[in-house]
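Here, each number is a calculation from the coordinates, and none is a lab measurement. All values derive from a computational prediction rather than experimental measurement. Every residue, glycine among them, receives a Cβ derived from its backbone with ideal geometry; neighbour counts consider all protein chains shown.
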Amino acid sequence: MSRRAQSHVVGIVLLLGITTIALGGLSTVVGGIIDGQTATADERRVASALDSEFRPVEETGPSRIDVRFSEGRLATVERQLRILNGSVVRREIDIGGLVYTSGSSRVGFVGDAITRGTPGNARLIRGPPVTVTRDNNTLLIGAVMLGERNVSVGGSGGVTARLGTNVTHNRTSLPWADYRVAIETETPDPLARHLRGRGLGTTTRDIDGDGVPSVVASVAGNQELQLVRHRTNTEVASG
C-alpha cells in the first residue's frame, strides 16, 4: 500500500473516531435536556395536582388525591406553626408538610402554601391562609394540619402517591394582644413576600434550632386572633 493510501485510511479512521466522540457527546447533551424536561414536567405536574386537588381550607369530609410523577419522591416532613405573643409561644401546632424532590426539582406544601423550586430559588404557587382585616383589628390564621408522619413514596418509571384525606375544621378565638405567627418552611422568601403583600411585617429566623427557618409575620399593635385548625387526617400511600 502506498504512503498516500495509508494516510487516506488513517484519515478515515480518525474521522470516524471524531464522529463517534461527537455523537457520544451529543447523546449526553440530548439526554441531559430530556432528563431536565422530564424533571420540570414532574415538578409542574405535582404542583398542579396539589394546587387543584388538595384544598383543605375549602373542603370538608373525605377525599382522595392522586399525585403522579415519572420519578422522584414525595415525603412528609416535620413542620410547626406557632402563635407568639412577645417572646411567649401561645400555641405550637404540628402542621407537617409534604415535599416532592427529584434531582434539582422540588415542590413543597406546608400550611396550605405551595412552592416550586429549591431554597433560595423558589416561587409561590399558593399562599398560606394568613391575613389581617382592613381595620387591622383581627388577625386571621388558618393552620392546615396533615396528621401523617414519616411517610415516603417514590421510585421511577411512573409513580402515583395517593393522599387520602378527611377534613374537619375547628375555630378558636384569642383575646386582643400583640400577636405574631411563625410558619416553618425551607423556602421562606416567597412566603415572606406574599405575607408582606397582605399587609403584614415579616422576619425570618430559626425558632427551635432545628435548621428549618420560620417566616414570622406580625401586625403593628394589638389584634383579636381567629385561629382555624383544618385537620386533614391525611394518609399517604403508593397508588
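Overview of values
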| read-out | value |
| --- | --- |
| Ascending count of other beta-carbon atoms within 10 Å, so fewest first, for T234, T160, T76 | T160, T76, T234 |
| Length-normalised contact order of region 36-238 in % [C-alpha pairs under 8 Å, at least 6 apart] | 26 percent |
| Extension gain from D210 to A177, taking 0.36 nm per residue of separation minus the Cα-Cα distance | 9.1 nm |
| Net charge over other residues, Cβ less than 12 angstrom from the Cβ of R45 (K, R count +1; D, E count -1) | -3 |
| Simple Cβ-charge dipole of region 36-238, Lys/Arg +1 and Asp/Glu -1, about Cα centre, in debye nearest 20 | 320 debye |
| Trypsin sites (Lys or Arg not before Pro) restricted to region 76-146 and DSSP loop, no more than 11 other C-beta within 10 Å | R134 |
| Cβ-derived FRET efficiency at R0 30 Å, S87 paired with D51, nearest 0.05 | 0.25 |
